[in-house]
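A.B. asks: Let me give you the structure first, and then I'll get to my questions.
Throughout, read-outs are computed from the coordinates displayed, never taken from laboratory work. In this text, all values refer to a predicted model and were calculated from it rather than measured experimentally. With ideal geometry, Cβ positions are generated from the backbone for all residues, glycine too; neighbour counts draw on all protein chains shown.
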Amino acid sequence: MSHSPFAPGRFLFGGDYNPEQWPREVWLEDIELMKRAKVNTVTIGVFSWAMLEPREGEFDAGWLDDIIALLTDAGVGFFLATPTASPPPWFTIAHPDALPLRADGTPVLHGSRDTYAISAPAYRGAARRVARFLGERYGAHPGLRGWHIHNEYGTIDHGPHAARAFRAWLSEKYGTLENLNDAWYTAFWSQRYDNWEEVLPPQQTQYLHNPAQVVDFKRFCSDEMLAAYGEQVEEIRATGSAAPVTTNFMLPTWNHLEQWAWSDAQDFVSVDHYLDTAGPDGEAHVAYGSDLTRSWAGGPWVLMEQNATGIRVGDRTIVKEPDRMIRNSVGYIARGSQSSLFFQWRAGAAGSEMWHGAMVPHVGGDSRSYEAIVRLGEMLERIEEVAEPPADGRVLEAEIGIVWHAEGWWSLETPHLPNEALDYADEVRATHRSFWRAGLPVDFVRPGGDAQRYRLLVVPALYAMNSDTVAWIEEYVAAGGHVIVSFFSGVVDSSQRVVPGGYPGMLRELLGIRVEEIRPLVEGERLALADGLVGELWSERVHLEGAEATTTYTSGSLAGAPAITRRAHGAGSAVYVSTRLTPESRDALLADVASDLGLRPTVEGAIALGVEAIRRRGAASDYLFLLHHGSAPVRVEGGGVDLVTGAEDAFTLEPGGVAVIREAAAAWSITAATGV
Ligand code: GLA
């Protein structure tokens with residue numbers, strides 16, 4: 001990363017700001033409210049294309065000049081977005097060929113947002129033009145903190161432009177049509193291609209899609225969007241602007257990008273994170289989103305959006321209480337975020353997101369939610385020394401790595417798998433949640449990444465693997481590492497082709513097993529294991545070929561057969577779990593393995609009292625973050641000063657509260673406060 005948006009010694013605080021939706025009197029009130037809350041950063045221009053370029057090639061940025069001047073006078077910096085996620089209506093009319101087509105061939109027209117075909121030359125040209133315009137006009141502005149390219153890349157087109165570009169991508173990858181036919185296994189169902197023109201994106205079809213085609217199309221779309229992103233960066237750099245560049249990823253549901261490659265292409269990694277659960281699982285989800293993004297970034301990162309006041313659960317928005325908003329915001333920072341930024345500054349007066357939460361709600365500044373924003377702004381100032389990262393950028397030390405790869409997700413979305421209730425993101429998240437519940441810090445790791453720094457590597461449901469990934473895991477174990485592989489990993493290669501002779505073909509040697517049958521369980525069915533653990537969803541008939549069974553199935557057709565196995569490799573080991581453990585059983589297994597390896601929680605016993613403890617490394621010190629999700633006060637004792645309250649060494653932390661302790665010593669105890 002060549003540039004840094006991270007103003008030394010302070011956190012970025014603010015959110016998406018859409019002044020174009022408001023009259024100028026409101027701008028003045030906005031500036032006053034921003035100053036009161038100590039807001040120092042806003043993101044502008046995200047969806048401003050129609051205001052900025054009202055007619056093709058005619059720009060009008062007077063309004064943007066004015067708001068930038070107001071912000072700058074008030075000491076508020078800005079991320080400037082290129083507005084290319086939302087082409088204006090004129091674009092549809094002028095370039096009907098540049099609209100995205102759904103898989104069934106339906107064109108997607110303006111009236112919402114994201115109505116563009118990523119591979120259409122007219123779209124790419126228009127996106128370059130607007131990026132160049134903004135770069136020339138604002139690229140050297142002193143208030144510019146960074147470029148926010150586009151918004152949440154992920155609009156998929158199945159039309160003729162996509163087909164042309166997909167063919168070019170495939171021809172680059174496979175060289176010949178014969179290779180493609182082989183990789184896609186087109187002998188099945190008479191799919192053999194005789195001419196490149198016959199090859200299409202996966203369109204609406206009669207029955208199941210070709211799995212290899214589906215995954216290649218996902219890979220292609222990720223690469224194609226990355227190329228479009230790269231062109232905008234190129235335009236901006238051509239204007240001489242040196243400000244750092246990012247694009248905002250989206251969690252938890254967006255699975256359109258191969259985030260490791262995308263992260264490499266950004267000056268800093270940013271993410272939009274929206275909770276999907278209101279209960280304690282939401283707290284674990286803050287940790288999950290943060291750990292994933294920090295890992296993609298390889299260090300500090302930017303939380304570009306969260307919701308200030310709401311949690312969308314299914315079809316309703318549950319109130320995110322002010323204390324929780326603060327606790328969650330500090331939680332992201334604990335795990336490496338350099339910011340607390342929200343979507344959005346002011347709640348829209350109308351439009352399809354008018355009921356979305358905001359830093360300033362419809363009722364205005366006289367509200368408990370805005371007051372909480374003011375409190376957060378004050379708190380971020382009190383903890384600002386934490387924002388200075390250590391020289392090596394490693395803001396969090398973890399000894400556990402969870403392997404993450406978008407291709408794992410894509411391959412598990414291919415049709416007609418033995419149990420389609422198996423969901424990649426759920427599996428990865430459940431693994432992370434177990435470590436969260438054990439109070440153990442984790443990173444995510446890319447296949448081929450630096451695994452040696454971890455004592456334990458976990459591979460959840462990585463159905464497709466290539467031989468490099470297999471060799472990487474084998475080397476890790478050979479060098480003394482410990483790996484836990486879950487069911488249905490390494491079963492197919494990167495062309496989604498099963499490795500014959502027993503599952504999981506790619507990993508049989510390492511694991512010392514041969515799986516003869518995959519045996520999904522019916523909904524609600526559970527299988528007891530001999531050591532008291534319980535499996536659900538999935539089971540397998542496993543034969544030992546060098547491994548030992550650490551526990552067995554106890555009933556049914558699998559009674560007595562291995563359920564969990566372990567093969568020692570010198571100082572290292574490879575464990576295989578052939579069923580999906582229930583949440584409690586997964587917690588128990590992973591906590592046991594970690595404990596056997598001598599891995600200790602950040603603060604012993606804290607999580608049982610509802611306190612999440614995270615140690616963030618800083619330039620001058622380590623900082624212990626305590627987030628109290630529980631319901632009774634706790635007594636905190638150790639050596640250091642809480643930057644939030646100024647308390648030293650020993651204090652009581654109330655439910656809902658947070659502490660950020662500059663540590664003088666790393667030993668802490670957290671106990672129930674009752675009777676103290
Ligand atoms: C995304 C987008 C925003 C907004 C929010 C709503 O993250 O980037 O424009 O739509 O979702 O949650």
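A.B. asks: Please report the projected area of the range 126-249's Cα convex hull averaged over all directions, in nm². Intermediate values should be presented prior to the final figure.
C.D. replies: On the way: hull surface 36.2 nm².
In nm², the orientation-averaged hull projection of the range 126-249 is 9.1.
A.B. asks: Can you list the lysines whose alpha carbon sits under 23 Å from that of Lys320, skipping same-chain ones fewer than 8 residues off?
C.D. replies: Filter leaves Lys38.
A.B. asks: Starting at the first residue of the range 494-499, write each ³J(HN,Hα) from the Karplus equation 6.51 cos²θ - 1.76 cosθ + 1.60 with θ = phi - 60°, in whole Hz, x for Gly and Pro.
C.D. replies: My calculation for the range 494-499 gives 6, 9, 6, 9, 5, 8 Hz in order.
A.B. asks: Another question, then. Using the basic label-point model (7 angstrom from Cα toward the beta carbon), what is the Glu25 to Glu584 distance in nanometres?
C.D. replies: Using points 7 Å along Cα→Cβ, the separation is 6.1 nm.
A.B. asks: If you wrap a convex hull around the Cα atoms of the range 516-578, how much volume per residue is inside, in Å³? Could you put the intermediate results ahead of the total?
C.D. replies: Numbers: hull volume 4.9 nm³, N = 63.
That works out to 78 Å³ per residue.
A.B. asks: Relative contact order for the chain using alpha-carbon pairs under 8 Å, separation at least 6, rounded to a whole percent?
C.D. replies: Values: 1424 pairs, mean separation 70.2, N = 676.
Averaging sequence separation for qualifying contacts and normalising by length gives 10 percent for the chain.
A.B. asks: Given H placed on each backbone N at 1.01 Å, which residues far from Val395 in sequence or on other chains put an amide H within less than 5 Å of it?
C.D. replies: none
A.B. asks: Which of the lysines could a cross-linker span from Lys173 if the Cα-Cα distance has to be under 30 Å and same-chain partners fewer than 8 positions apart are dropped?
C.D. replies: Of all the lysines, those that pass the test against Lys173 - Cα under 30 Å, at least 8 places apart if same chain - are Lys218.
A.B. asks: Which of the peptides 81-94, 514-527, 399-412 is most tightly packed, and how do the rest follow, going by the mean number of other Cβ atoms within 10 Å of each residue? Could you put the intermediate results ahead of the total?
C.D. replies: Working: 81-94: 20.5, 514-527: 14.9, 399-412: 23.1.
Top of the packing list down: 399-412, 81-94, 514-527.
A.B. asks: Also: Given the convex hull of the Cα atoms of the range 263-347, what is a quarter of its surface area in nm²? All intermediate terms of the calculation are to be shown ahead of the outcome.
C.D. replies: On the way: hull surface 22.7 nm².
Computing the convex hull of the Cα atoms and averaging its projections yields 5.7 nm².
A.B. asks: Something else now. Which order do the peptides 193-200, 477-484, 561-568, 420-427 come out in when sorted by mean C-beta neighbours inside 10 angstrom, highest first? Can you show the working numbers first?
C.D. replies: Values: 193-200: 12.6, 477-484: 19.4, 561-568: 21.8, 420-427: 17.0.
Per-residue mean Cβ counts within 10 Å order the peptides as 561-568, 477-484, 420-427, 193-200.
A.B. asks: Based on a Kirkwood Rh over C-alpha pairs, give the Stokes-Einstein translational diffusion coefficient of the range 400-596 at 37 °C and viscosity 0.692 mPa s in µm²/s. Don't skip to the answer; put the middle values down first.
C.D. replies: Numbers: Rh = 16.5 Å.
My calculation gives 200 µm²/s for D.
A.B. asks: Above 19 angstrom, tally the Cα pairs of the range 517-676 and express them as a % of all pairs, no decimals.
C.D. replies: On the way: 8135 of 12720 pairs.
Result: 64 percent of Cα pairs exceed 19 Å.
A.B. asks: Once you charge only the Cβ atoms, +1 for Lys and Arg and -1 for Asp and Glu, what is the size of the charge dipole of the chain about its Cα centre, to the nearest 20 debye?
C.D. replies: It works out to roughly 360 debye.
A.B. asks: Here is a follow-up. What is the order of Ser434, Ser631, fewest Cβ neighbours within 10 Å to most? Please report the intermediate quantities before stating the final value.
C.D. replies: Numbers: Ser434 24, Ser631 9.
The most exposed by this proxy come first: Ser631, Ser434.
A.B. asks: Per the Kirkwood definition applied to all pairs of different Cα atoms, how many angstroms is the hydrodynamic radius of the range 304-361?
C.D. replies: Hydrodynamic radius (Kirkwood, Cα only) of the range 304-361 equals 11.9 Å.
A.B. asks: How many percent of the alpha carbon pairs in the chain exceed a separation of 48 Å?
C.D. replies: 17
A.B. asks: Highest mean first, how do 572-580, 123-131, 109-117 rank when packing is the count of other Cβ atoms within 10 Å averaged over residues? Mind showing how you got there, number by number?
C.D. replies: Details: 572-580: 25.3, 123-131: 20.6, 109-117: 17.7.
Answer by packing, highest mean first, reads 572-580, 123-131, 109-117.
A.B. asks: Something else now. In terms of the ratio Rg/(2.2 N^0.38 Å) built on C-alpha atoms, what value belongs to the range 607-672? Walk me through the numbers on the way to the answer.
C.D. replies: Values: Rg = 10.8 Å, N = 66, 2.2 N^0.38 = 10.8 Å.
Taking N as the residue count of the range 607-672, the ratio is 1.00.
A.B. asks: Note down the Stokes-Einstein diffusion coefficient of the range 328-407 in µm²/s, whole number, using a Kirkwood radius over alpha carbon pairs, 10 °C, and 1.306 mPa s. List each step's numbers first, then the result.
C.D. replies: On the way: Rh = 15.4 Å.
Here the translational diffusion coefficient equals 103 µm²/s.
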